[in-house]
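Working notes, beginning with the structure itself.
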Amino acid sequence: MKIILAADHNGFELKQIISEILKNEGHTVIDAGPHSFDPLDDYPDYAKIMAESVSLGKSDRGIMICGSGVGASVAANKVKGVRAAMCHDLYSAHQGVEHDDLNVLCLGSRIIGSEVARELVMTFVNAKYTHEERHQRRLEKVLDMENNF
């Protein structure tokens, strides 16, 4: 799977760890930045790069890391075709993909550590959308909202 990673200064270190985890699992990793630590950078700049890659199909999924995960989620969801959520528990990380076709995982580096991040990332990456009728019906309603608002 091709996965794009992005972060702000708060998520810079965790992004590096997650990149290695994914590469070791055989995934192709695209690093959308930052490529060096800058305490003055802003999460929307990197969320936009990551989200556009997912939206345009250049990446299968994305992972965005900021301090809490909240800002990353808000910013990523502004890009059409992106379904981003902050998930700090395993159930949400797989259920979001299985039921809602989640394509971007947002994490808070100030909330979780590297081992929890490892489990969340692997759970997210290994989950598959079910295409069950009720889930598809709901997803189509969400997509309709996106296309018509």
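Within the range 102-145, can you find the residues that are open to solvent by 20 Å² or more (accessible area, probe 1.4 Å), over 19 Å from Met86 (Cα atoms) and not β-branched (Val, Ile, Thr)?
Passing the criteria: His131, Glu132, Glu133, Arg134, Gln136, Arg137, Arg138, Glu140, Lys141, Leu143, Asp144, Met145.
Go through the range 123-145 residue by residue and tally those that are part of a helix (DSSP H, G or I) and either farther than 22 Å from Ala93 by Cβ or of a type in the set (A, V, I, L, M, F, W, C) (or both).
Matching residues across the range 123-145 total 11.
Regarding the range 80-89, can at least one residue be identified that is open to solvent by 50 Å² or more (accessible area, probe 1.4 Å), among the hydrophobic types (A, V, I, L, M, F, W, C) and part of a helix (DSSP H, G or I)?
Among the residues of the range 80-89, not one is open to solvent by 50 Å² or more (accessible area, probe 1.4 Å), among the hydrophobic types (A, V, I, L, M, F, W, C) and part of a helix (DSSP H, G or I), which makes the answer no.
Please count how many residues of the range 61-79 are among the charged types (D, E, K, R) and either in a loop (DSSP other than H, G, I, E, B) or at pLDDT below 95 (or both).
Number of matching residues: 1.
Would the range 104-122 turn up any residue that is within 11 Å of the chain's Cα centre (by Cα) and part of a loop (DSSP other than H, G, I, E, B)?
The answer is no, given that none of the residues of the range 104-122 is within 11 Å of the chain's Cα centre (by Cα) and part of a loop (DSSP other than H, G, I, E, B).
How many residues does the range 1-19 hold that are of a type in the set (D, E, K, R), part of a helix (DSSP H, G or I) and within 16 Å of Phe124 (Cβ to Cβ)?
Going through the range 1-19 one residue at a time, the tally reaches 1.
Looking for whichever is of a type in the set (A, V, I, L, M), part of a helix (DSSP H, G or I), out of contact with any Asp or Glu (no Cβ under 9 Å at 6 or more places or on another chain) and modelled with pLDDT of 95 or more here; the options are Leu40, Leu22. Which one fits?
So the residue among Leu40, Leu22 that is of a type in the set (A, V, I, L, M), part of a helix (DSSP H, G or I), out of contact with any Asp or Glu (no Cβ under 9 Å at 6 or more places or on another chain) and modelled with pLDDT of 95 or more is Leu22.
Can you find even one residue in the range 54-63 that is of a type in the set (S, T, N, Q), more than 22 Å from Glu115 (Cα to Cα) and either over 12 Å from the mean Cα position of the chain (by Cα) or open to solvent by 10 Å² or more (accessible area, probe 1.4 Å) (or both)?
Among the residues of the range 54-63, at least one is of a type in the set (S, T, N, Q), more than 22 Å from Glu115 (Cα to Cα) and either over 12 Å from the mean Cα position of the chain (by Cα) or open to solvent by 10 Å² or more (accessible area, probe 1.4 Å) (or both), which makes the answer yes.
Give me the residue from the range 1-53 that is within 26 Å of Lys128 (Cβ to Cβ) and free of Cβ contacts under 8 Å to residues at least 12 places away in the same chain and, out of that set, least open to solvent (accessible area, probe 1.4 Å).
Only one residue tops the list, namely Gly26.
The values are calculated or read from the model by the stated rules, or taken from the named source; none is laboratory data. Quick caveat: nothing in here was measured; it's all calculated off a predicted structure. When we count neighbours, we look across all protein chains shown, and the Cβ atoms used for this are built from the backbone with ideal geometry, even at glycine. Heavy atoms of the whole protein, side chains included, go into the accessibility calculation; ligands, DNA and RNA do not. Shrake-Rupley method; radii C 1.70, N 1.55, O 1.52, S 1.80 Å.
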